[in-house]
Amino acid sequence: MFDITETLERLQNDRQFLATVVLTMFFLAIFPIYFSSAGGAGDGSMSAVADYKVEGNLEYIELDNATEYIFDGETLELAFTTDVIDDASSKNIVGVEVSMSYGEDESTSGNVPGGCAGPAGGQPAADTISGTVSHNSDNESGDGQNNGGDGSHIVEILWYNESILGSTVSGLSKAKIIEELDSNGEGLGEYQVEIGVTAEEGNSLATCDRSDEGEEVTYSVKLIVLDLDNVTISTELETETGEDA
C-alpha cells in the first residue's frame, strides 16, 4: 500500500530517490511535446502557421483582340479553347478576363435646314453593352453603358483567392496559401463569350430625328496565369535576412 508519509520522508532524506522522481516527472512532461513536434516535422516549414507576405505576378495569355460593330439587339458569340496553347496543362490558369470598350455613334438628321442645330438636336441616350463569359459550369456577366460618350467594363472568372496575392496573410500555413493560389486545372478547356448591345435613341425636337443602330465594341479575351514557382511566401524575418520562402 502506498504510504505518502514515508514517500515524503524519503524525498527529504534520500537525494537519489528525489533525483529519480524529478527526472521521471520531467520526462513525463517533455515526451508529449517532443513527439508532437516530431509528428509535424515531416512537412517542415510548409505546415507552420505564421504571418506571411505573399508576392507574385500575374501573366496574361491573349486569346483574341478585335473590334466589331454589333447591331442593336444582336449578340456577338465567340468560342475559345486552351488546346491551342502550348503546354497549357502545365500552366496554372487562375482566371479569364473579357474587357470591352465602346463609344457612341448615335446620329442625327434634320427634317428642315438647321433642324438639329443647337438645343434642337437633343442629347444621345445611354446604350447598354453586356458581356458574358462561360467555362464549364462557371459563368459571369456584366453590363456597361456609354452614357452618351465612351465607356468600358470587364467581366472575369477567377479560380484563386486574389485577396492573398500581394498582401500579408495571417493564420495560414505556406501549404494552405499555395492551395489557395492553385487552380488545380480549373482553367483548362472550352470558353464561350457573348457580347450584346441594346441601343437607345436620345431626345430631340420635332425638327430633328435621332437614330442609333448599334455600337462599335473593342474587346479582348485573356487567360490569367499565376506561376507558382515565382510566388514568394516569406515571414518578416525571412524578408529582412533575404532567406527564400
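Among the candidates V155, V169, single out the residue that is assigned to a strand (DSSP E or B), in the same structural domain as G103 (by TED's automatic domain parsing) and over 23 Å from S47 (Cβ atoms). The match here is V155.
A single entry from D127, D150 fulfils the requirement of being at pLDDT below 95 and either exposed (fewer than 13 other Cβ atoms within 10 Å of the Cβ) or not assigned by TED's automatic domain parsing to the domain that holds E62 (or both): D150. Just one of (1) crowded, with 19+ Cβ neighbours inside 10 Å; (2) at pLDDT below 85 fails for V197. It is (2). Based on this model, can you work out whether D86 counts as in contact with a strand residue (DSSP E or B) (Cβ under 7 Å, 6 or more places away or on another chain), assigned to a loop (DSSP other than H, G, I, E, B) and either surrounded by fewer than 20 Cβ atoms within 10 Å (Cβ to Cβ) or not β-branched (V, I, T) (or both)? No; evaluated as a whole, the condition is false for this residue.
The residue list G149, G187, G144 contains one member that is part of a loop (DSSP other than H, G, I, E, B) and closer than 16 Å to V98 by Cα, which is G187. Is there a residue in the range 99-112 that is among the aliphatic types (A, V, I, L, M), more than 18 Å from L226 (Cβ to Cβ) and modelled with pLDDT of 95 or more? Scanning the range 99-112 turns up at least one residue that is among the aliphatic types (A, V, I, L, M), more than 18 Å from L226 (Cβ to Cβ) and modelled with pLDDT of 95 or more. Go through the range 89-106 residue by residue and tally those that are among the polar types (S, T, N, Q) and surrounded by 13 or more Cβ atoms within 10 Å (Cβ to Cβ). Summing the residues that are among the polar types (S, T, N, Q) and surrounded by 13 or more Cβ atoms within 10 Å (Cβ to Cβ) in the range 89-106 gives 3. Quick one: in the range 106-138, which of the residues that are among the aliphatic types (A, V, I, L, M) and not in a strand (DSSP E or B) is nearest to E77 (Cα to Cα)? Only one residue fits best here, namely A126.
The values are calculated or read from the model by the stated rules, or taken from the named source; none is laboratory data. Computed from a predicted structure; not experimentally measured. With ideal geometry, Cβ positions are generated from the backbone for all residues, glycine too; neighbour counts draw on all protein chains shown.
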